[in-house]
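Student: To start, I am sharing the structure in question, which I have written as structure tokens.
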Amino acid sequence: MFCPKCGEKLKDGMVVCEKCGSIVPQPAGPESKAGSGLGVAALVLSILGFLTGFLLIGMVLDVVAIVLAVLVFRKAKRTPTKTGQAIAGAIVAGVSLVLCLILFLPSLLDDPAGDLYKEAKGYYNDGSYTLAITTANEVLDEYPGTRAADKAEDLIEKCEAALPAALLSDMETALEAENWDQAVSLGQELLEKYPDSPEAGQIDGLMEQAQAGQTAAEE
């Protein structure tokens, strides 16, 4: 080696020229083979992830590739390390992840059980308790063990508790409209399904009125 400023021949390992006092540039050390290997692995995994992204496993490979690339970048700050392949792997993995998210995110966010439960809850809020029970039972049959199924069970209990009063109210409305057949049908449903309810004990007079009206209409 020679001093780049004065041309004086230098001994191995010298950092300062003895003749002119200039600082002698030191040659770069060998690049880290470990970092280079990680970069290759990151690139290979990112390519595999891109090719298998439609199977969802590609997302896992992409994440691993990005982690390996980050390790290479961190190692490059301490020792001379090739980062070209790591950069390429990170880019490919990033693009692959974005495509996977675009492809699978809608299906991941879709919640058919929750949507069906919301439908049942809507019937309950409207006072259509029979429809609410039917829809809630569909949730239990099609999506057992889900959070929506747990909510559906609670909704069925609420509907069962509210139905006797609703049947009694509908019966009274039918009587006021002189719809005798409907009034009788509602009264019979109340007695058959909820014989022990307080509402069932209140319809004796209403049933007599409805049956009397029905008989009179038939004559």
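Student: With respect to residue 136, determine if the residue is closer than 30 Å to residue 211 by Cβ, free of Cβ contacts under 8 Å to residues at least 60 places away in the same chain, surrounded by 14 or more Cβ atoms within 10 Å (Cβ to Cβ) and of a type in the set (A, V, I, L, M, F, W, C).
Tutor: Working: closer than 30 Å to residue 211 by Cβ: no; free of Cβ contacts under 8 Å to residues at least 60 places away in the same chain: yes; surrounded by 14 or more Cβ atoms within 10 Å (Cβ to Cβ): yes; of a type in the set (A, V, I, L, M, F, W, C): yes.
Spelling it out, it is not the case that residue 136 is closer than 30 Å to residue 211 by Cβ, free of Cβ contacts under 8 Å to residues at least 60 places away in the same chain, surrounded by 14 or more Cβ atoms within 10 Å (Cβ to Cβ) and of a type in the set (A, V, I, L, M, F, W, C).
Student: Quick test for you: out of 131, 116, pick the one residue that is within 30 Å of residue 162 (Cα to Cα) and in contact with a Phe, Trp or Tyr (Cβ under 6 Å, 6 or more places away or on another chain).
Tutor: Numbers: 116 fails: in contact with a Phe, Trp or Tyr (Cβ under 6 Å, 6 or more places away or on another chain).
From the options 131, 116, the qualifying one is 131.
Student: I would also like to ask the following. Consider only pairs whose beta carbons are under 8 Å apart and that are at least six residues apart or on different chains; among these, list those whose first residue lies in segment 175-195 and is touching a residue at least 12 places away in the same chain (Cβ under 8 Å) and hydroxyl-bearing (Ser, Thr, Tyr) and whose second residue is crowded, with 16+ Cβ neighbours inside 10 Å and not in a loop (DSSP other than H, G, I, E, B).
Tutor: 194/163; 194/164; 194/167; 194/200
Student: If residue 170 satisfies every condition in (1) surrounded by 13 or more Cβ atoms within 10 Å (Cβ to Cβ); (2) in contact (Cβ under 8 Å) with a residue 24 or more places away in the chain but one, which is the exception?
Tutor: (2)
Student: Within segment 49-63, work out how many residues are surrounded by fewer than 17 Cβ atoms within 10 Å (Cβ to Cβ) and at pLDDT 85 or above. Quick ask: steps written out before the conclusion?
Tutor: Keep residues of segment 49-63 that are surrounded by fewer than 17 Cβ atoms within 10 Å (Cβ to Cβ), which gives 51, 54-57, 60, 63.
Restricting the remaining residues to those that are at pLDDT 85 or above gives 51, 60, 63.
So the count comes out to 3.
Student: Let me ask another. Note down all Cβ pairs under 9 Å where the first residue falls in segment 71-99 and is over 13 Å from residue 40 (Cβ atoms), the second is among the hydrophobic types (A, V, I, L, M, F, W, C) and not in a helix (DSSP H, G or I), and they're at least six residues apart or on different chains.
Tutor: Hits for this filter: 80/28.
Student: While we're here: Does segment 123-132 contain at least one residue that is more than 17 Å from the chain's Cα centre (by Cα), in a helix (DSSP H, G or I) and either at positive phi or of a type in the set (S, T, N, Q) (or both)?
Tutor: Within segment 123-132, one or more residues are more than 17 Å from the chain's Cα centre (by Cα), in a helix (DSSP H, G or I) and either at positive phi or of a type in the set (S, T, N, Q) (or both).
Student: Among the numbered criteria (1) closer than 30 Å to residue 155 by Cα; (2) not in a helix (DSSP H, G or I), which one does residue 118 miss?
Tutor: (2)
Listed here are the residues, each with its yes/no results for (1) more than 11 Å from residue 113 (Cα to Cα); (2) β-branched (Val, Ile, Thr).
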{"position": "126", "(1), (2)": "yes, no"}
{"position": "131", "(1), (2)": "yes, no"}
{"position": "148", "(1), (2)": "no, no"}
{"position": "156", "(1), (2)": "yes, yes"}
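Student: Additional query: Suppose we filter 21, 39, 29 for residues that are more than 30 Å from residue 4 (Cα to Cα) and either modelled with pLDDT under 85 or touching a Ser or Thr at 6+ places or on another chain (Cβ under 7 Å) (or both); which single one remains?
Tutor: The match here is 39.
Student: So, one more: Taking the criterion of being assigned to a loop (DSSP other than H, G, I, E, B), within 21 Å of the chain's Cα centre (by Cα) and farther than 14 Å from residue 155 by Cβ, would at least one residue in segment 43-54 satisfy it?
Tutor: So in segment 43-54, the residues assigned to a loop (DSSP other than H, G, I, E, B) come out as 52.
With the extra rule that they be within 21 Å of the chain's Cα centre (by Cα), the set shrinks to none.
Looking through segment 43-54, none of the residues is assigned to a loop (DSSP other than H, G, I, E, B), within 21 Å of the chain's Cα centre (by Cα) and farther than 14 Å from residue 155 by Cβ.
The values are calculated or read from the model by the stated rules, or taken from the named source; none is laboratory data. What you see is a predicted model; the values in this text were computed from it and never measured. A quick note on method: Cβ atoms are made from the backbone with ideal geometry, for glycine too, and the neighbour counts reach across all protein chains shown.
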